[in-house]
Amino acid sequence: MLPEGYEQFIESWGSMGVLWGINRSMARIHAFILLSDEPIDLDTVATELSISRGNASMSLKELRNWGIIKRVHLSGDRRDFYVTEPDVWNMLFKIGIERKKREFDPALGALRHLLSETDADTNREVHGRLTELQRTLAAMDRIMDKFLKNEKISKAMLEFLGSKKM
């Protein structure tokens, strides 16, 4: 049984994960592993979070694909165990990269395709709105590309922008 504070954090992280575009189980598993100072095995994940082994296994694989958990082996044990990425900034940076790749880039691509297929004379107001949206998202895309290009520079920039001295 998990302590109450842990359960609340796991559920909150699960809800936030849905906003990131990942399923709730995957986010809850990530939170569970974040809270552990010991490597966690598949059966423990499934049992403690009351999810199926299949769901746990698929979610662990996807978390590894994102690069935010790692599979480790313990001497004398044949099971796979999992630990979180120890560097929180690195973990959040990888989440940012994945979110841009999986959510933002396809949305911007769809908008660009729509604009290339849309006749500006048919509905000037809508076309103008979509064109402005594309310009704004393209600017955001350039900023994100620069921000996500270098982890160390991005961290320094975020620390500067978040400082109280500004």
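The values are calculated or read from the model by the stated rules, or taken from the named source; none is laboratory data. This one's a predicted model, so the numbers in the text were calculated from it and none came from an experiment. Reconstructed Cβ throughout: ideal geometry from the backbone, glycine too, with neighbour counts over all protein chains shown.
From Asn90, Asn65, which residue is in contact (Cβ under 8 Å) with a residue 12 or more places away in the chain, assigned to a helix (DSSP H, G or I) and not acidic (Asp, Glu)?
Values: Asn65 fails: in contact (Cβ under 8 Å) with a residue 12 or more places away in the chain.
Just a single option satisfies the conditions, and that option is Asn90.
Of all residues in the range 27-50, exactly one satisfies the criterion of being surrounded by 18 or more Cβ atoms within 10 Å (Cβ to Cβ) and part of a loop (DSSP other than H, G, I, E, B), namely Pro39.
Of the residues making up the range 102-145, those that are within 30 Å of Trp66 (Cα to Cα) and of a type in the set (Asp, Glu) number 4. For Gly109, only one of the following conditions fails: (1) buried (at least 16 other Cβ atoms within 10 Å of the Cβ); (2) of a type outside the set (A, V, I, L, M, F, W, C); (3) in the same structural domain as Phe147 (by TED's automatic domain parsing); (4) out of contact with any helix residue (DSSP H, G or I) (no Cβ under 8 Å at 6 or more places or on another chain). What is its number? So the condition that Gly109 fails would be (1). Screening Val72 on (1) without any contact (Cβ under 8 Å) to a residue 24 or more places away in the chain; (2) loosely packed, with under 12 Cβ neighbours inside 10 Å shows it passes everything except condition (1).
Residues that are assigned to a loop (DSSP other than H, G, I, E, B), without any contact (Cβ under 8 Å) to a residue 12 or more places away in the chain and touching a helix residue (DSSP H, G or I) at 6+ places or on another chain (Cβ under 7 Å): does the range 119-129 have at least one? Quick ask: steps written out before the conclusion?
Narrowing the range 119-129 to residues assigned to a loop (DSSP other than H, G, I, E, B): 119-123.
Okay, now just the ones that are also without any contact (Cβ under 8 Å) to a residue 12 or more places away in the chain, so 119-123.
Checking the rest, the ones that are also touching a helix residue (DSSP H, G or I) at 6+ places or on another chain (Cβ under 7 Å) come to 120.
Among the residues of the range 119-129, at least one is assigned to a loop (DSSP other than H, G, I, E, B), without any contact (Cβ under 8 Å) to a residue 12 or more places away in the chain and touching a helix residue (DSSP H, G or I) at 6+ places or on another chain (Cβ under 7 Å), which makes the answer yes.
Each row is one residue, and each column tells you yes or no for (1) in a loop (DSSP other than H, G, I, E, B); (2) closer than 25 Å to Leu19 by Cβ; (3) among the charged types (D, E, K, R).
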{"site": "Lys70", "(1), (2), (3)": "no, yes, yes"}
{"site": "Leu114", "(1), (2), (3)": "no, yes, no"}
{"site": "Glu132", "(1), (2), (3)": "no, no, yes"}
{"site": "Ala139", "(1), (2), (3)": "no, yes, no"}
{"site": "Met157", "(1), (2), (3)": "no, yes, no"}
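Consider the range 1-26 and keep the residues that are over 12 Å from the mean Cα position of the chain (by Cα) and not in a helix (DSSP H, G or I). The one that is surrounded by the most Cβ atoms within 10 Å (Cβ to Cβ) is Leu2.
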